Every structure is written in C-alpha cells, then in structure tokens.
Amino acid sequence: MSVKRVGLPLMNVVKLRGTPILQQLLLEERLLRSSSANWCIVNDGTNLPNIVMGLSGKPCELVELEPVIRDQVPVIKRFTGGGTVIVDENTLFVSLICNRNDVPDVQPYPRSVMAWSGSLYSQVFNGIGDFQLRENDYVFGDRKFGGNAQSITRNRWIHHTSFLWDYSESNMAYLKLPSRVPQYRLERDHTDFVCRMKDYIERAGFIEKTIKAVGTQFMLKELSFDEIDDSCREHLETTRLLTLDELKETLAKTTQNESIAQAV
C-alpha cells in the first residue's frame with residue numbers, strides 16, 4: 001500500500017474476512033492495551049450470528065433470553081461501552097485504534113472522538129444518501145446503519161463500528177428494545193429504525209473508500225493477520241463469551257422476580 005503524504009503518523013491496516021467476532025474483539029483489546037501502534041482493523045463479516053453487548057450491558061434487559069438459549073446464540077460482553085447488536089456474515093466491522101498524540105485535534109472524550117469519526121465517514125459517504133452522525137449513530141436520513149462503541153485509556157483510544165450491510169429480521173427478534181434509546185428513534189422497533197447499507201453502496205467499494213479516507217490522516221502499512229506482533233505484554237482482558245449456564249441462571253432469576261412482582 002503506497003504512502004500518499006509524508007509526515008503523517010503510521011497506521012497498520014489489517015483486512016480480515018469472516019473472522020469470528022470474539023476473536024476480533026480479543027485482538028482489538030490486546031492491541032489497545034499492549035501495542036503502541038495505530039491500527040485499522042477491517043473485518044468483512046463474521047462467521048456466525050453473535051449477540052454483542054457493551055461492557056455494562058445486562059442480558060435480562062437487552063436480549064430475549066428464552067429464544068437465545070433455545071437457539072444457542074452466542075452472547076459476548078465486549079471491552080467497550082455502547083449498545084447491543086446482533087452481528088453475522090452481513091455485518092461489516094471497522095475499528096480504529098489510535099494514539100492520542102497522533103491525532104492531537106481529537107480530545108480523549110467520547111464526543112470528540114465521535115465528531116472525528118463522523119468527519120472521516122463523511123468522506124466515505126460523500127454524495128451517498130443523506131449521511132449524518134446522529135447522537136452516536138451513523139444514519140441515512142433517520143435510519144441507522146452503523147453503531148459505534150469506544151474505549152478510552154490514558155494515551156490511546158479505540159472507536160469501532162458495526163455496519164449493517166444487510167440484516168435478518170428474525171435475528172433482530174433476539175434483541176429487546178433497550179430502556180435508553182436515541183431520541184430520534186421515536187419508539188420505533190428494530191426493523192423500522194435501521195436500514196441496509198447495501199441499498200446505498202457496494203460492499204467492496206465501502207471498504208476501499210474507508211481505507212482511502214483513513215489514508216488522508218495516516219501513512220498506511222498493510223499487514224496480514226499473521227504479521228501482527230503476538231509478543232505484547234500482559235494486559236487486562238474483559239471481553240468474554242457468556243456461558244449458557246450464566247444465561248440460564250439470569251433467565252431463572254428474571255422469571256422469579258417477575259412472578260414475585262405479579263404476586264404483590
């Protein structure tokens with residue numbers, strides 16, 4: 001990958017295809033906490049449907065536990081904040097891990113990082129639909145197609161996004177309507193609130209445009225997955241797969257509490 005401009009900070013670019021989302025999240029957490037480089041991780045779909053919750057997410061409030069347990073849909077708690085999504089082979093992932101000093105115009109606060117990302121993706125979607133950053137979402141008009149999450153450490157931060165290239169309405173049914181929603185959602189259910197990115201841009205074209213936009217602010221060096229340094233120091237690891245027993249226990253407690261509330 002050629003360098004377009006001189007004097008920009010270096011960013012490693014890793015392009016993946018169908019990598020399991022748990023493996024991707026564990027990699028990103030390791031790179032955030034133990035690497036000193038800037039990284040752009042692009043994953044063109046994950047292998048199987050997974051539900052991914054933010055660090056403080058509670059399964060009883062965010063997922064329909066009975067069908068999730070019945071269908072054995074994996075539930076992951078990631079290391080970043082943000083909301084709950086269900087991802088599959090039609091979800092595109094872009095993660096940007098940056099040193100604070102390499103993007104000095106961005107303050108290490110969620111709103112500043114979001115504004116920077118919105119400007120970056122404005123280049124990607126220039127002239128395509130009615131692209132906007134609304135609250136913490138990427139939307140065409142009033143329909144969401146990109147959900148964001150962040151983690152900010154003392155000297156580094158990650159901003160990662162799951163883009164809905166396409167989605168299955170049956171998969172959306174595994175998710176509950178969260179108690180806290182963006183104001184612009186207006187109590188719409190999942191299928192009225194989101195849209196399919198495939199109606200606006202080609203899949204390969206999106207990835208190409210995204211890397212090109214990142215290249216306006218960084219010198220890019222493309223690496224394969226196997227070239228990522230695996231000798232990073234020990235680090236805190238908070239991303240994890242919830243066990244089936246955990247989900248069953250949560251369901252049992254939730255059912256018990258609902259029965260008590262009805263009896264009172």
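Does Leu31 qualify as being part of a strand (DSSP E or B), touching a residue at least 24 places away in the same chain (Cβ under 8 Å) and closer than 18 Å to Ser224 by Cβ?
Criteria not met by Leu31.
Yes or no, residue by residue, for (1) more than 23 Å from Tyr109 (Cβ to Cβ); (2) in a helix (DSSP H, G or I); (3) among the hydroxyl-bearing types (Ser, Thr, Tyr); (4) open to solvent by 10 Å² or more (accessible area, probe 1.4 Å):
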residue: Asn47; (1), (2), (3), (4): yes, no, no, yes
residue: Val52; (1), (2), (3), (4): yes, no, no, no
residue: Leu55; (1), (2), (3), (4): no, no, no, yes
residue: Glu66; (1), (2), (3), (4): yes, yes, no, yes
residue: Val73; (1), (2), (3), (4): yes, no, no, yes
residue: Gly82; (1), (2), (3), (4): no, no, no, yes
residue: Ile86; (1), (2), (3), (4): yes, no, no, yes
residue: Glu89; (1), (2), (3), (4): yes, no, no, yes
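Of all residues being among the basic types (Lys, Arg) and either out of contact with any Phe, Trp or Tyr (no Cβ under 9 Å at 6 or more places or on another chain) or surrounded by fewer than 18 Cβ atoms within 10 Å (Cβ to Cβ) (or both) in the stretch 1-45, which is nearest to Glu237 (Cα to Cα)? Just the residue, please.
Among those residues, the one meeting the criterion is Arg30.
Under 9 Å between Cβ atoms, which residue pairs at least 6 apart in sequence (or on different chains) link something in the stretch 7-27 that is at positive phi with a partner that is in a strand (DSSP E or B) and surrounded by fewer than 21 Cβ atoms within 10 Å (Cβ to Cβ)?
Pairs found: Gly7/Met219; Gly18/Asp44.
So which residues in the stretch 136-147 are open to solvent by 20 Å² or more (accessible area, probe 1.4 Å) and either closer than 18 Å to Leu55 by Cα or part of a strand (DSSP E or B) (or both), if there are any at all?
Of everything in the stretch 136-147, those that are open to solvent by 20 Å² or more (accessible area, probe 1.4 Å) and either closer than 18 Å to Leu55 by Cα or part of a strand (DSSP E or B) (or both) turn out to be Asn136, Arg143, Lys144.
Only one of Val124, Val181 is under 25 Å from Gly18 (Cβ atoms) and not polar (S, T, N, Q). Can you tell me which?
Val124
Every residue in the stretch 91-117 that is touching a Lys or Arg at 6+ places or on another chain (Cβ under 8 Å) and either surrounded by fewer than 19 Cβ atoms within 10 Å (Cβ to Cβ) or among the β-branched types (Val, Ile, Thr) (or both), please.
The answer is Ile97, Asn99, Arg100, Val106, Pro108.
Are any residues in the stretch 118-131 in contact with a Gly (Cβ under 8 Å, 6 or more places away or on another chain) and open to solvent by 20 Å² or more (accessible area, probe 1.4 Å), and if so, which ones?
Gly129, Asp130
The values are calculated or read from the model by the stated rules, or taken from the named source; none is laboratory data. Everything numeric here is computed off the predicted structure, so don't read it as measured data. Every residue, glycine among them, receives a Cβ derived from its backbone with ideal geometry; neighbour counts consider all protein chains shown. These area figures cover heavy atoms from the full protein model, side chains too; ligands, DNA and RNA do not enter into them. Shrake-Rupley method; radii C 1.70, N 1.55, O 1.52, S 1.80 Å.
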